[in-house]
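Scroll down for the structure; my scribbles are underneath it.
The values are calculated or read from the model by the stated rules, or taken from the named source; none is laboratory data. All of these numbers come straight from a predicted model, not from anything done at the bench. Neighbour counts run over all protein chains shown; Cβ positions are idealised from the backbone, glycine included. Side chains are part of the model used for accessible areas, which takes the heavy atoms of the whole protein and leaves out ligands, DNA and RNA. Shrake-Rupley method; radii C 1.70, N 1.55, O 1.52, S 1.80 Å.
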Amino acid sequence: FKTCPGRVLCKLPCSGEKEVDLAVQNAKAAFKIWSQMSGMERCRVMLEAARIIREQREEIATMETINNGKSIFEARVDIDISWQCLEYYAGLAGSLAGEHIQLPGGSFGYTRREPLGVCVGIGAWNYPFQIACWKSGPALACGNAMVFKPSPFTPISVVRLAEIFTVAGVPKGLFNVVQGGAATGQFLCQHPDVAKISFTGSVPTGMKIMEMAAKGIKPVTLELGGKSPLIIFSDSDLDNAVKGALMANFLTQGEVCCNGTRVFVERKILDTFTKEVVKRTQKIKIGDPLLEDTRMGALINRPHLNRVQGFIKQAKEQGAEVLCGGDLYVPDDPKLKNGYYMRPCVLGNCKDDMTCVKEEIFGPVMAILPFDTEEEVVERANATKFGLAGGVFTRDIQKAHRVVAALKAGMCFINNYNVSPVELPFGGYKSSGFGRENGRAAIEYYSQLKTVCVEMGDVESVF
């Protein structure tokens, strides 16, 4: 593999209705085998898949960097989170159990936790391999099969995951990959043999998927967009708060759904904080994502780069001040000249009603907004249709817990940001979606409960 910015890496045929049906039928056949295996048997196979990913970490990370454009430094972290996810759910696979409930007269009832069947996973282009593991981990642990459709912008690395599952010992067809765009996704969502859909992506697409799923009474998990608040109080550790703001805005070139892009800063430290953020933002190394010291690679494609640039242009027209960055970046290396690079941007003089503050930009653009009181900032932080994440930086731990309790967001951070261990549930409120990925909570969304009532005496009939 070599970095090829702005050039075609490969061409894959889109999966049509026939190919989608074939993938679903194969997954359905594999489900009959996998669902009858014990939890410990599934555990061993999943642990083997995790081991292979660990062993191939560098190769998969390199593939992901080329697939997506993020730095190799970040891609390695993504791959580590991926194998950790499979290990975590492998551990849960053997412990899945129902309950025994004692009833009067020696009668009893019990519950069984059963798989759903063939689940569909539809991934986004910002974390292709990791999202596939986040969805397949709990799905397979519960005994399901999965047909996965990656984004057409990042089709490569998920195919490697399918190969790894096969080598690890899952039944043939248990984890199937189909390629394509909206039409392929529609065939998946409307297929009568699909039991559940899990989608990561934009709000408009999530709405369409929910509508299609409703016609088949299929449960859905939606992990959608965000415009998350990051609240910096004056009593916070300034150095740590600045690092948190950079983590909350510039990972994966800012293409992260839970990024804290509305940075509310208590007015008494506004100037100091802003000056330090700008200084450190200007030092971020941009360029070839396969180089060890690169910390920001290229955006996903030209249309998206143009969209992000459009937001910055509009922000200036509405009165925001570009404190640094926002312009296109052309690396010195001539082979990178056609890459989709831009300098990370910090916007000052922002107001709550500006488009750059209200809408998800999904690029390396931070908006700084001053505030005066805790009550005020909480109200402003919640004044959004989104509710994916939120963060608070303060040394006052009571205030920290009080504020996150008041935030209408599914994933909150105290004195850190964008830390997503697989042990903790991840998901949003409001238009950011519903359902949860990761943690034990995900088991609820990839299984169903069956109740069995056992009568030990004669039936008490009212007839």
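Of note:
- Failed item, numbered, when Ala298 is tested on (1) open to solvent by 90 Å² or more (accessible area, probe 1.4 Å); (2) within 22 Å of Asn68 (Cβ to Cβ): (1)
- Yes/no for Pro192 being surrounded by fewer than 17 Cβ atoms within 10 Å (Cβ to Cβ) and within 27 Å of Ile72 (Cβ to Cβ): no
- Residues of region 407-462 that are open to solvent by less than 50 Å² (accessible area, probe 1.4 Å), free of Cβ contacts under 8 Å to residues at least 24 places away in the same chain and over 23 Å from Gly254 (Cβ atoms): Gly439, Ala441.
- One residue stands out in region 308-321 among those that are over 29 Å from the mean Cα position of the chain (by Cα) and not in a loop (DSSP other than H, G, I, E, B): the one that is surrounded by the fewest Cβ atoms within 10 Å (Cβ to Cβ), namely Glu317.
- So Ile197, is it in contact with a strand residue (DSSP E or B) (Cβ under 8 Å, 6 or more places away or on another chain), in a helix (DSSP H, G or I), open to solvent by less than 30 Å² (accessible area, probe 1.4 Å) and modelled with pLDDT of 95 or more: no
- Subset of region 1-39 (residues that are assigned to a loop (DSSP other than H, G, I, E, B), under 30 Å from Asn301 (Cα atoms) and open to solvent by 60 Å² or more (accessible area, probe 1.4 Å)): Phe1, Lys2, Arg7, Val8, Leu9, Cys10, Lys11, Leu12, Pro13, Cys14
- If you filter region 166-177 down to residues that are surrounded by fewer than 24 Cβ atoms within 10 Å (Cβ to Cβ) and over 19 Å from the mean Cα position of the chain (by Cα), you find that the one that is nearest to Ala49 (Cα to Cα) is Ala168.
- Test: residue in region 27-34 that is in contact with an Asp or Glu (Cβ under 9 Å, 6 or more places away or on another chain) and closer than 20 Å to Pro421 by Cβ: no
- Note on region 214-249: residues that are part of a loop (DSSP other than H, G, I, E, B) and among the small types (Gly, Ala, Ser) amount to 6.
- Within region 250-285, tally of residues that are surrounded by 17 or more Cβ atoms within 10 Å (Cβ to Cβ) and not in a helix (DSSP H, G or I): 12
- Subset of region 230-249 (residues that are of a type outside the set (S, T, N, Q) and open to solvent by 10 Å² or more (accessible area, probe 1.4 Å)): Asp235, Asp237, Leu238, Asp239, Lys243, Leu246, Met247
- Only residues that are in a helix (DSSP H, G or I) and over 15 Å from Cys133 (Cα atoms) were counted across region 58-76, and they come to 11.
- When Arg42, Arg57 are screened for being open to solvent by 60 Å² or more (accessible area, probe 1.4 Å) and either in contact with a helix residue (DSSP H, G or I) (Cβ under 6 Å, 6 or more places away or on another chain) or not hydroxyl-bearing (Ser, Thr, Tyr) (or both), only Arg57 passes.
- Residues of region 416-438 that are among the acidic types (Asp, Glu) and not in a loop (DSSP other than H, G, I, E, B): Glu437 alone.
- Strands (runs of 3 or more DSSP E) within region 77-162 that include 2 or more residues out of contact with any Phe, Trp or Tyr (no Cβ under 6 Å at 6 or more places or on another chain) and open to solvent by 40 Å² or more (accessible area, probe 1.4 Å): 108-115
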